[in-house]
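What follows is a set of notes on a single structure, which appears directly below.
The values are calculated or read from the model by the stated rules, or taken from the named source; none is laboratory data. Values in this document were obtained by computation on a predicted structure and should not be read as measured data. Positions of Cβ are backbone-derived with ideal geometry, glycine not excepted, and every protein chain shown enters the neighbour counts. For the accessible areas, the whole protein counts, side chains as well, though only heavy atoms, and no ligand, DNA or RNA atoms are used. Shrake-Rupley method; radii C 1.70, N 1.55, O 1.52, S 1.80 Å.
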Amino acid sequence: QMMSQAEGQQRDLIRSIECLPVSGHLTSLDQDLLMLKATSMATMNCLNDCFHILQLQHASQQKGSLPAGTTISWLEPKISLANHFKNGAAQNFPAEINKPASVREEQSTAEPCQLTREPEEINPDEELEDTCDDKEDDLGAVEEQRSVILHLLSQLKLGMDLTRVVLPTFILEKRSLLEMYADFMSHPDLFIAITNGTTPEERMIRFVEYYLTSFHEGRKGAIAKKPYNPIIGETFHCSWRMPKSDVATDAGSNFSVHSPSEQVTLSKDLEGQTELDYYTVKFVAEQVSHHPPVSGFYAECVERKMCVNAHIWTKSKFLGMSIGVTMVGEGLLSLLEHGEEYTFSLPCAYARSILTVPWVELGGKVNINCAKTGYSASINFHTKPFYGGKLHRVTGEVKQNTTNTVVCRVQGEWNSVLEFTYSNGETKYVDLTKLSVTRKRVRPLEKQGPFESRRLWQHVTESLRDGDIDKATEHKRALEEQQRNEERLRAETETPWCTKYFLKEGDGWVYHKPLWKTVSAAQTQQTDTN
């Protein structure tokens, strides 16, 4: 109860400071008040960590001191979670999420559990072409709030891990991180075309071409904004339909370029086509852990017997004039028709110039490998030098490891034009700004579950669209406080967290029903029948 009161008082203090005018004798940007905010937040974070340690220690002592054969009947919490915060107005949470979760993150000392919540099979026919077009080019909110750095000064120190830091709402994108991963799949024609390569060399090159074209559409506009941090257990589903005639089948150009008007016509034509006329790529993502924040995502095209599985731990740090995000994890592309697996990693992302108008930059070296064929790719995302140099530059090469022969080189900008030079001397230029984008298909909000991204964050998104930052902040705070309450309850009851779609395997997370398992099972069944 004392912790709850302290949290309420600290929130009231921050609200009082933030409600002060931005000009005059005493302002919300006063350096002493910013330091007061920082001190109070650091103190509460420390107290929360200590409280959590004490809870675990108390539970452990209780468990260890009981006689053999004794059973424990845990009591209900003495404080109703919905009314947990006594200072200020009571928090009103959606009915669907105002239920204690029956689970806990993988850091638990308990045995890892299997899927207990029944995975939902999404029918692609229920999904409709997405009509949302939330571009993030509006600088108004940033200008009104002065600058990002003044809002971060009260919380951040150089090199500080931002995982548990609550960032200002006005820098948020209108989508969850899980949906951002889906937007990297916005060129399904290039994805499907990978398996159509006639040789291992061609398939590796096609994968590199697809990989490098995925980042441009994953970003929404030039300004660096942050997607919502997914709530543990949050999921996102979508799919794409791709006309078979638009997928490259030969060794020619993989890139079908349509103007925006042509692309809209294509999308409308798809509605009347039969199943045989298009491929379907299905996507599912889930937030499998809160601390550390880990997302799992999986996409498959059953008709072409190909799928990709990935898990990503986002580690963010304050770097002074920028914020850096490291994508820790690995992806695996499986081409079942060829028995090939391609492992890949992701580059780091940076939000630069946060004192003025922040912009996104990618940096670091990534590798793509196929152990079976012996082909690999090394790609460098170059950060801009302090003086001179180009923005968003990328270079890379594909080689055959056995002979150490380079079969393809690439250079250019990951958000503009890429140049591919092949071993036969041919050169191909790809203008990413002219590549056709296939709109994803998403179920309407009323058909989505309570923990699906768009429904879960709908009130935050609506407030951001309306430009009501204060209202968006309140909705966001309600979700985050609910997550903390449920996390505390799981710690008190020692209840492990069980995921819905992904299972822990070693250091990674794997979709519960990957295509390589279902195809293998079908082949085995067919063999037994014969």
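If only one of 360, 410 is among the aliphatic types (A, V, I, L, M) and closer than 15 Å to residue 209 by Cα, which one is it?
410
Which residue, of 338, 392, is modelled with pLDDT under 95 and surrounded by 14 or more Cβ atoms within 10 Å (Cβ to Cβ)?
Exactly one residue qualifies, and that residue is 392.
Cβ-Cβ under 6 Å, sequence separation 6+ or interchain: first residue in region 458-479 and in the same structural domain as residue 133 (by the TED database), partner open to solvent by 30 Å² or more (accessible area, probe 1.4 Å) and not in a helix (DSSP H, G or I). Which pairs?
461/174; 464/174
Among the residues of region 512-530 satisfying the criterion of being at pLDDT 90 or above and out of contact with any Leu (no Cβ under 8 Å at 6 or more places or on another chain), which is least open to solvent (accessible area, probe 1.4 Å)?
Restricting to residues being at pLDDT 90 or above and out of contact with any Leu (no Cβ under 8 Å at 6 or more places or on another chain), the top hit is 514.
Starting from region 320-336, keep only residues that are free of Cβ contacts under 8 Å to residues at least 24 places away in the same chain, then list their pairs with residues that are surrounded by fewer than 19 Cβ atoms within 10 Å (Cβ to Cβ) and not in a strand (DSSP E or B) whose Cβ atoms are within a distance under 7 Å, requiring at least 6 positions of separation or different chains.
Qualifying pairs under 7 Å: none.
Assuming residue 492 fulfils every condition listed in (1) at pLDDT 90 or above; (2) in contact with a Pro (Cβ under 8 Å, 6 or more places away or on another chain) apart from one, which condition is it?
Only one criterion is unmet by residue 492, namely (1).
One residue is enough: does region 431-445 have a residue meeting the conditions over 30 Å from residue 125 (Cβ atoms) and among the basic types (Lys, Arg)? First the steps, then the outcome.
So in region 431-445, the residues over 30 Å from residue 125 (Cβ atoms) come out as 431-434.
Those still in the list that are among the basic types (Lys, Arg) too: 434.
Yes; the residues of region 431-445 include at least one that is over 30 Å from residue 125 (Cβ atoms) and among the basic types (Lys, Arg).
Just a yes or no: is a residue in region 363-373 more than 30 Å from the chain's Cα centre (by Cα), closer than 22 Å to residue 308 by Cα and surrounded by 15 or more Cβ atoms within 10 Å (Cβ to Cβ)? It would help to see each step written out before you state the result.
Residues of region 363-373 that are more than 30 Å from the chain's Cα centre (by Cα), as a first pass: 373.
Within this subset, residues satisfying the condition of being closer than 22 Å to residue 308 by Cα are 373.
Still in the running and surrounded by 15 or more Cβ atoms within 10 Å (Cβ to Cβ): 373.
Within region 363-373, one or more residues are more than 30 Å from the chain's Cα centre (by Cα), closer than 22 Å to residue 308 by Cα and surrounded by 15 or more Cβ atoms within 10 Å (Cβ to Cβ).
Could you please give the count of residues in region 317-339 that are in a strand (DSSP E or B) and within 30 Å of residue 517 (Cα to Cα)?
So the count comes out to 9.
Please verify whether residue 49 is more than 19 Å from residue 484 (Cβ to Cβ) and open to solvent by 40 Å² or more (accessible area, probe 1.4 Å), treating the condition exactly as stated.
No; evaluated as a whole, the condition is false for this residue.
Taking region 151-190 only, how many residues are of a type in the set (A, V, I, L, M), modelled with pLDDT under 85 and crowded, with 19+ Cβ neighbours inside 10 Å?
5
Answer yes or no as to whether residue 351 is modelled with pLDDT of 95 or more, in a strand (DSSP E or B) and in contact with a Lys or Arg (Cβ under 9 Å, 6 or more places away or on another chain).
no
As an exercise: evaluate residue 235 against (1) within 13 Å of the chain's Cα centre (by Cα); (2) open to solvent by 20 Å² or more (accessible area, probe 1.4 Å); (3) of a type in the set (S, T, N, Q) and give the number of the one condition it does not meet.
With (1) within 13 Å of the chain's Cα centre (by Cα); (2) open to solvent by 20 Å² or more (accessible area, probe 1.4 Å); (3) of a type in the set (S, T, N, Q) applied to residue 235, the lone miss is (2).
In region 1-38, which residue that is open to solvent by 50 Å² or more (accessible area, probe 1.4 Å) and acidic (Asp, Glu) is nearest to residue 55 (Cα to Cα)?
12
Residue 418 - would you say it is open to solvent by less than 20 Å² (accessible area, probe 1.4 Å), closer than 21 Å to residue 207 by Cα and in contact (Cβ under 8 Å) with a residue 24 or more places away in the chain?
yes
Among the residues of region 436-444, are any part of a strand (DSSP E or B) and closer than 27 Å to residue 169 by Cα?
yes
Kindly evaluate residue 502 against the criterion of being touching a Gly at 6+ places or on another chain (Cβ under 6 Å), open to solvent by 50 Å² or more (accessible area, probe 1.4 Å) and either at pLDDT 90 or above or assigned by the TED database to the domain that holds residue 333 (or both).
no
For residue 299, are the conditions met, namely being in contact with a Leu (Cβ under 7 Å, 6 or more places away or on another chain), crowded, with 20+ Cβ neighbours inside 10 Å, among the aliphatic types (A, V, I, L, M) and in contact (Cβ under 8 Å) with a residue 12 or more places away in the chain?
When the stated conditions are applied, residue 299 does not pass them.
Quick check: anything in region 452-472 in contact with a Cys (Cβ under 8 Å, 6 or more places away or on another chain) and either aliphatic (A, V, I, L, M) or within 27 Å of residue 171 (Cβ to Cβ) (or both)?
no
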